[in-house]
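Student: One structure is given below, represented as structure tokens, and several questions about it will come after.
Throughout, read-outs are computed from the coordinates displayed, never taken from laboratory work. Computed from a predicted structure; not experimentally measured. Glycine also receives a Cβ, built like all others from the backbone with ideal geometry; neighbour counts cover every protein chain displayed.
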Amino acid sequence: MNGFNDGKIVNALNQAATLTATATGNIIDMQGFSVADILVQVGTSTTADGSNYFTVSLTHSDDSGMSGEEAVTSTNGLLGANLVINATGDANKVNHIGYNGNKRYIRLAATETGTASVQIAAVARLRSGAKPFSNTDIAS
């Protein structure tokens, strides 16, 4: 199997007109899949700077309600790095966060520090396989 035939696309973070507070994404069930490629679209960001920013990160759990969830790191399934939106130049880009951990459920969060405002939406492509595509595969 190849291409999109061996995967599933799900909404990871509902788009808000503008985020001005921490937002928690949808719980994604990884059953039947081994990799998640999460594409985070950053829209307008007029107030982001070194003191006012959002960090987009993943948590995972074996519980469908995310009880006992823990941060996903490079040692337990994070492919690439968490996304930090801390400059207006981070706007109008698509970013990639990958996951190949061993938990059944994952969830994206956009955590605010300071008083930033930004537009964010995200989708996840769930698929079988061990290697996600790279950031060079994404056109900005």
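Student: Would you work out which of Leu126, Ala81, Met66 lies farthest towards the positive end of the dipole of region 3-130? Charges go on Cβ: Lys and Arg +1, Asp and Glu -1.
Tutor: Leu126
Student: Let me ask something else about it. Could you list, bin by bin from short to long, the percent of Cα-Cα pairs of the chain in 5 Å steps?
Tutor: Pairs per bin, as whole percents: 2, 11, 21, 23, 19, 14, 7, 2, 0, 0.
Student: Please give the net charge around Val118, taking every other residue with its beta carbon less than 13 angstrom from that of Val118, where Lys and Arg add +1 and Asp and Glu add -1. Please report the intermediate quantities before stating the final value.
Tutor: Details: positive: Lys93; negative: Asp49, Asp90, Glu112.
Once positives and negatives cancel, what remains is -2.
Student: Sticking with this one: Just rank Leu78, Leu83, fewest to most, by other beta-carbon atoms within 10 angstrom.
Tutor: Leu78, Leu83
Student: Can you divide the C-alpha Rg of region 74-117 by 2.2 N^0.38 Å and report the result to two decimal places?
Tutor: Relative to the 2.2 N^0.38 Å estimate, region 74-117 comes out at 1.38.
Student: Then there's this: By how many nm would the segment from Thr73 to Gln119 lengthen if fully extended, with 0.36 nm per residue of separation less the alpha-carbon distance?
Tutor: Taking 0.36 nm per residue and subtracting the Cα distance, the gain is 14.1 nm.
Student: Residues in region 7-44, backbone N under 16 Å from the label point at Ala81 (7 Å along the Cα-to-beta-carbon vector): list them, ranges by number please.
Tutor: Within reach of a label on Ala81: no residues.
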